[in-house]
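A short worksheet on the structure shown next.
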Amino acid sequence: MSKATTEEATDLSRTVLCVDDEQRIDDVSTAIDGEGTLAAVEATTVEDATELLQAESVVCVVTSYDLPDGTGMDVIEAVREHAPQVPSVLFTDRPPQEIDTASFEETIVEYLNRDLPDAHDRLGFVTNDVIEHSAQVGFLRPDDEEERLATLAEYDIDELPIDESFERLTDLIASHFDAGVAFIGLIEKDEENFLACHGADLDSLTREDTICTHSMLQEDVMVIEDIADDNRFNKNEQLENLGIVSYAGANMTAPNGQVIGQVCLIDFEKRSYDAVERAELQDFAETAMEILDLRKSLRDARGEEVAR
Amino acid sequence: MSLATDGFAVDSLSLGPIDSGTSILLTGEDADTLQTVFSQLVAADDDERSIVLSTGSGGRAVQRDLNNARTGAGNRASVLTCEGPASGEDVQSVDDISDLTRLGMDFSTLVASAQQHSDRFRSGIMLCSTIAGEVDDTRSLYRFLNSNFLTELRRGDGIGVCALDTSADIGADMSSTISGLQTSFSAHIEVEKTGPGQATLTVDGLDGDETVDVDL
């Protein structure tokens, strides 16, 4: 069985999938609907939940552990498969030691004990919190991430005709370093968007699958000579599928000090970069940032003219 | 639910009170010195609770270390240990350190239980570098830190300390990993052993940057 419990469920941006058995599902969805900003859709089996995950866009999943055709961990596994960015809350009266985690050893979930006196009140708060703070992402965010995203938003790329300039620049960078791939990417909240790329067909990647989300946290140029030797990247299927072996990335830093993107080289063989090459890559990143800033200044000036 | 309250005192390290919500990355290459500084930071005051995830010491040893740091602090601590057996309500054991799913649930449960005794808590992971060396995919560790350790600090009235032994093999470039972690934590304390029972702390992000020489 699955159904939308309120009219607000049509607002997909805040839809929460609630999974529990027939007897208890109403308690869970009532707690979620009670939050006002959230709307519950219900499923009472693992199978229904999996179908709903593929059919609907949800922002969070709240699941019980004991279900008629499996467990809440099966639901969470389906979330990881079909909607990996969606956070999950395991809402159960089972203590952790009774939950079979053997097949799910690196699946992180918010655990909320249903036996706590204020459990149902906490459920709404916790669900809102994991959504608002993207609390289960697999990458580190700068402590001032909101300020960084606000800075990035000032560079509205759709309004700035930048593609041709950046494509010429990535062609030059690849040629200069004799690298397989050179790209310029902006790092958004959940993904990296590639503005130009020489040598590969990259559009966007989920942020936790990118090396750039690590590189942007370093002041200097980050070099990975062989990603097979680095536990941060050597289990990353996306990188493996792209055939990436080595990486070098330099920060694009806005005038206020916030890092909004990266200029990067990737290659399909092991590779090191000496100090001169690293400095040159940083120079290219600063050039890319200057191009963006000049376009932004031009757009701002035109806006002011129109306003007059 | 996050509340702004008085800071958490750490007089023994000559540091001012630490604001609620502060996450501290503690790094150093001498494990014993690191352990001592960790205990001083995490030992609970009378109206607080400690929640410690220990990868290398048994529960009773952790409680003794906390007692040495602050009188009676061991009795105000809940320990999740990867070494040795469970004991009573306050020491629970972890069978598999790489089972971050279970580790996260156990840690959340301990924090929730501690908050039944007191709203104020000090949480700590000693050593995060051991977990990093054990997990298959570092992204899981970052999910664990985001979903459990840092989230509890955002929601509750507490401070958190995550210790990293920089001499450990974590299967990744240590310097680059620390650079990344530093940006996600609100403060960084680098511990350098300078002699028997002596250390220099290089502090960044706690009411001004400073270098402090301490007797441990």
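Here, each number is a calculation from the coordinates, and none is a lab measurement. On a predicted model such as this, the values are computed, not experimentally measured, just so you know. Reconstructed Cβ throughout: ideal geometry from the backbone, glycine too, with neighbour counts over all protein chains shown.
Once you reduce the range A:20-51 and the range A:188-206 to the center of their Cα atoms, the two points are 36 Å from each other. Think of the range B:8-215 as a dipole: +1 on every Lys or Arg Cβ, -1 on every Asp or Glu Cβ, centred on the Cα centre; then among B:PHE8, B:ASN75, B:ALA112, B:ALA112 lies furthest on the positive end. Whole-Hz Karplus values for the range A:40-52 come out as 8, 10, 10, 9, 10, 9, 4, 4, 4, 4, 5, 5, 5 Hz, taken residue by residue from phi with 6.51 cos²θ - 1.76 cosθ + 1.60 and θ = phi - 60°; glycine and proline positions read x. What the pair-distance distribution of chain A shows, using all Cα-Cα distances binned every 20 Å from zero, is 30, 45, 24, 1 percent. Scaled to the compact-protein estimate 2.2 N^0.38 Å, what is the alpha-carbon radius of gyration of the protein assembly as shown, rounded to two decimal places? For the protein assembly as shown, the normalised Cα radius of gyration is 1.02. The listed peptides B:170-176, B:18-24, ordered by packing as a protection proxy, come out as B:18-24, B:170-176 (highest mean of other Cβ atoms within 10 Å first). Shielding of peptide A:85-98 by partners, expressed as the average count of other chain Cβ atoms within 10 Å per residue Cβ, is 2. Per residue of B:149-157, other chain Cβ atoms within 10 Å of the residue Cβ number 2 on average. For A:ASP118 and A:ASP156, the difference between the fully extended length at 0.36 nm per residue and the C-alpha to C-alpha distance is 9.3 nm.
Need one number: the % of Cα-Cα pairs in the range A:167-308 sitting beyond the 19 Å mark. Percent of Cα pairs beyond 19 Å in the range A:167-308: 50. Legend: mean number of C-beta atoms from other chains within 10 angstrom of residue C-beta atoms, peptide B:90-100, equals 2. Relative to the Cα centre, the charge distribution of the range A:145-307, modelled as +1 at Lys and Arg Cβ and -1 at Asp and Glu Cβ, gives a dipole magnitude of about 120 debye. With a simple spin-label model that places each label point 7 Å from the Cα along the Cα-to-Cβ direction, the separation between A:GLU35 and A:GLU22 comes to 2.8 nm. Looking at the protein assembly as shown, the DSSP beta bridges with both ends there are about 50 percent antiparallel. Post the alpha-carbon centroid distance, the range B:124-143 to the range A:242-295, in whole angstrom. Answer, in whole Å: 28. Restricting the calculation to Cα atoms, the range A:2-132 yields a radius of gyration followed by a Dmax of 13.1, 39 Å.
Backbone amide hydrogens, once placed in the peptide plane, bring A:GLY138 within less than 5 Å of nothing, excluding anything fewer than 5 places away on its chain.
Between the helical axis of A:119-132 and the longest alpha-carbon principal axis of chain A there is an angle of about 20 degrees. On the principal axes of its alpha-carbon atoms, chain B has extents of 40, 38, 34 Å, going from largest to smallest. In a shell of Cβ-Cβ distance under 11 Å around B:ASP165, excluding B:ASP165 itself, what net charge do Lys and Arg (+1) and Asp and Glu (-1) give? After counting each charged neighbour, the total is -4.
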